[in-house]
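The values are calculated or read from the model by the stated rules, or taken from the named source; none is laboratory data. Computed from a predicted structure; not experimentally measured. Backbone-built Cβ (ideal geometry, glycine too); neighbour counts: all protein chains shown.
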Amino acid sequence: SLPAIASNNDAGGTEEHPKNPYIAVIAFDGDQIGKRLSGELMPDVKDVVADGLDRCVSGKRKLTPSYHAQFSEALANFSTSLSRRVVTKYKGLLVYAGGDDVLCVVPADKALDCAADLRAVFRGDYALLSSDARHYDFGITQPGFVLADEKYSLIVPGPSMDASCGIVIGHCKHPLQALVRESQVAERRAKSRYAKDKKDDYLGGAFALSLMKRSGEIIEWGAGWSQNALAVYRDFTRKTDEEQLSGRFPYALADLLKPYRLSEKPQVNLKPVIATEFEHIQSQQAQVKGTRIDNALTYLKELSEDRLEDFTNLFLASAFINRQRGDN
């Protein structure tokens, strides 16, 4: 049941009374699958033949039935054999898995790590696995392959591909169908807002998160996987849990930056101002002298001017998702 999943948040509790009653629905989807199947993204022949032969060939590698068969096998391996293991690792429930699509429900405070690990397994990239999840009942032996049950290797889509996902955080008593719809909306936002640049060119996989509080407030946040966002989120969460930083930090930062209306596109460069205010609040809210959130200012530099609100929303989302007091 959904309350049982909520009770698997780190705050604990029981199925009847989870201390943190929030769950996450993840809609995971591979990027540019249609272009891959149509042959548009096939590599140039010179990139896949032995050295010295590139002078003899030109153009793209031919799209063949054997390529389609192998690619379909890679997608099936990910969805039917591997995705459930990742979701189960995070004490969640796999709702659907087929091809490059996965829909699952997990405890709210495990959502981002679960999504990141789904991407790591989809790509067959060990380095991308979250640090506390490198002991599945399978291993990634080389890029693009996963060793299942220490017996045989399964081909997966591989590191030349990427995936995006939408994550919605909601109360365990919220209608699941509504949360699923919102996760799909968030997935489309990830692909359109964070996986592409302003010229609509593909940048790489991304995630978008919608936090739906029972009060009706909605916090939206997202980033490309290659940005520093997830590293900042994890470092802030850890330092708050260890009480190196006050839990009031996100709210103090948001209050201080509120007059700048970060949700609107600024007429001037606000990043230096935000950086100064951030350093001030970070120093004020440090419970251990000298505590700093690693890579936070690097992440700020990565943001486009019309998405500066993502900077504060990262911290607000973490504070709510990972709270241990179980407030509703």
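A few comments on the model shown:
- Matching residues, region 96-129, being assigned to a strand (DSSP E or B) and without any contact (Cβ under 8 Å) to a residue 40 or more places away in the chain: 96, 97, 98
- Exactly one residue among 275, 252 is on the phi < 0 side of the Ramachandran plot, in contact with a Lys or Arg (Cβ under 9 Å, 6 or more places away or on another chain), assigned to a helix (DSSP H, G or I) and not aromatic (Phe, Trp, Tyr), and that residue is 275.
- Sole exception among (1) at pLDDT 90 or above; (2) closer than 24 Å to residue 129 by Cα for residue 281, by number: (2)
- Residues of region 91-122 that turn out to be more than 16 Å from the chain's Cα centre (by Cα), among the aliphatic types (A, V, I, L, M) and over 17 Å from residue 73 (Cα atoms), as a count: 3
- Only one of the listed residues (178, 254) is among the hydrophobic types (A, V, I, L, M, F, W, C) and at pLDDT below 95. That residue is 254.
- Condition check for residue 192: of a type outside the set (A, V, I, L, M, F, W, C) and modelled with pLDDT of 95 or more: no
- For residue 218: the one exception among (1) outside the structural domain of residue 306 (by TED's automatic domain parsing); (2) crowded, with 22+ Cβ neighbours inside 10 Å: (2)
- Cβ pairs under 6 Å, 6+ apart, first in region 189-214 and within 20 Å of residue 318 (Cβ to Cβ) and assigned by TED's automatic domain parsing to the domain that holds residue 35, second buried (at least 22 other Cβ atoms within 10 Å of the Cβ) and of a type in the set (Val, Ile, Thr): 209/167; 210/168; 211/169
- Here residue 177 does not fit the description of being in a helix (DSSP H, G or I) and touching a residue at least 60 places away in the same chain (Cβ under 8 Å).
- Every pair of residues 6+ apart whose Cβ atoms lie under 7 Å, when the first sits in region 292-315 and is modelled with pLDDT under 95 while the second is charged (D, E, K, R) and in a loop (DSSP other than H, G, I, E, B): 305/265; 306/265
- Taken over region 56-92, residues that are modelled with pLDDT of 90 or more and either exposed (fewer than 12 other Cβ atoms within 10 Å of the Cβ) or part of a loop (DSSP other than H, G, I, E, B) (or both) amount to 3.
- Residues of region 226-236 that are assigned to a helix (DSSP H, G or I) and crowded, with 20+ Cβ neighbours inside 10 Å: 229, 230, 232, 233, 236.
- Looking only at region 146-174, and only at residues there that are of a type in the set (S, T, N, Q) and in a strand (DSSP E or B), the one that is surrounded by the fewest Cβ atoms within 10 Å (Cβ to Cβ): 153
- Test: residue 198 is in a loop (DSSP other than H, G, I, E, B), charged (D, E, K, R), at pLDDT 90 or above and surrounded by fewer than 17 Cβ atoms within 10 Å (Cβ to Cβ): no
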